[in-house]
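Below is one structure, written out as structure tokens; comments come after it.
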Amino acid sequence: MGMDRSEEKTAKRLLEERTQRYQSLFKQNMVAISYFDLEGRFLDCNDALQTVLGYSKEELVRAGFNHLIRQEDLDKQWHYFHKAAQGEPQSYDLTCIHKNGHAVELRVTKLPIKVDHQIIGVHSIAKDITVRKQAERALIEAEDKYRSLVEKSLVGVYIIQNHTIVYANPYLVKLLGYQEATIGLQVWDVIHPEDRLMVENNIRSIPNEHEGIHHQFRVIKQDRFDYRCRAALQQNYVPRAACRNRYRAGYYEKKTG
């Protein structure tokens, strides 16, 4: 009998420890955590979610989450919620509306809550990715602007990889006269034979990805006429883990004087 009571105390102590560990992880976690019943009703959330969305736990539990989500994301939210409620973990991006009215972009993971092998609710783990998304959009916008400038440039812009032209802007294509055949040409095919060694040595001499060189050489146009150019070259490295090739970008323009 004494042994039974001892085992019961030990079991209660272990259960209490596990509960406290879970509560500590839940409450103190810097990632927003909440959980719902199978009808999608808020049951609880940690302080991080309150910080992210600006609502108190009482407000969230009382009002539910439909009004928190951008209207066009509601169907997606419910789709992934029901998937999780059926036992399938889900991860997706979602835009919510802060209490102050601004958009909050979240990376959400939904996990089924199981007790005695029965699903009784859904855990939600949300990370605020607003700043990252804003940076991504700014980068895309900058790239689009740069691409537009390059495409409309009045000097020839090119990228070579392993001595092969993999990009040439319209001006350079027109200048060389090879049209669509420009892409895929070996760079040595368009450089005058007497200048190739000099160009090769100059390319090798570029010290790092932050520096470049300016030099002059002759190119061979499609009509076989020589064309003397001034060119700038800059070398950009692709990480070895992704690709062992090197990319070099530069421009051609007609030499003056």
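Every read-out reported here was derived from the displayed coordinates using simple, explicitly stated rules and does not represent laboratory data. Treat the numbers as computed from the prediction; the structure is a model and nothing was measured. Here the Cβ positions follow ideal geometry from the backbone for every residue, glycine too, while neighbour counts run over all protein chains shown.
Brief remarks follow.
- Cut-off 11 Å between beta-carbons: net charge of the residues surrounding ARG137, Lys and Arg +1, Asp and Glu -1: -3
- Sorted on the mean count of surrounding Cβ atoms within 10 Å across their residues, most packed first, peptides 153-161, 188-196 read 153-161, 188-196.
- FRET E, pair TRP188, LYS133, Förster distance 51 Å, beta-carbon r, rounded to 0.05: 0.70
- Between the amide H of HIS192 and those of ARG218, VAL219, ILE220, distances stay under 5 Å, these residues lying 5 or more places away or on another chain, with hydrogens modeled in the peptide plane.
- Built amide H within the under 5 Å cut-off of GLY121, gap 5+: ILE113
- Overall, the ratio between the Cα radius of gyration of the stretch 26-133 and 2.2 N^0.38 Å, rounded to two decimals, is 0.99.
- With both labels modelled 7 Å from their Cα along Cα-to-Cβ, the LYS27 to ARG5 distance reads 3.2 nm.
- Cβ-based net charge around ASP47, under 10 Å, with every Lys or Arg adding one and every Asp or Glu removing one: +2
- Electrostatic bookkeeping for LYS127 treats Lys and Arg as +1 and Asp and Glu as -1; over the other residues with beta carbon under 12 Å from its beta carbon, the sum is 0.
- 5 angstrom amide H check on ARG70, placed H, neighbours 5+ away: THR95, CYS96, ILE97
- Phi to ³J(HN,Hα) by Karplus 6.51 cos²θ - 1.76 cosθ + 1.60 over the stretch 75-89, Hz, x for Gly, Pro: 4, 4, 4, 5, 4, 6, 4, 5, 4, 5, 5, 8, x, 10, x
- Between GLU200 and SER153, the FRET efficiency from the beta-carbon distance, with R0 = 22 Å, is close to 0.30.
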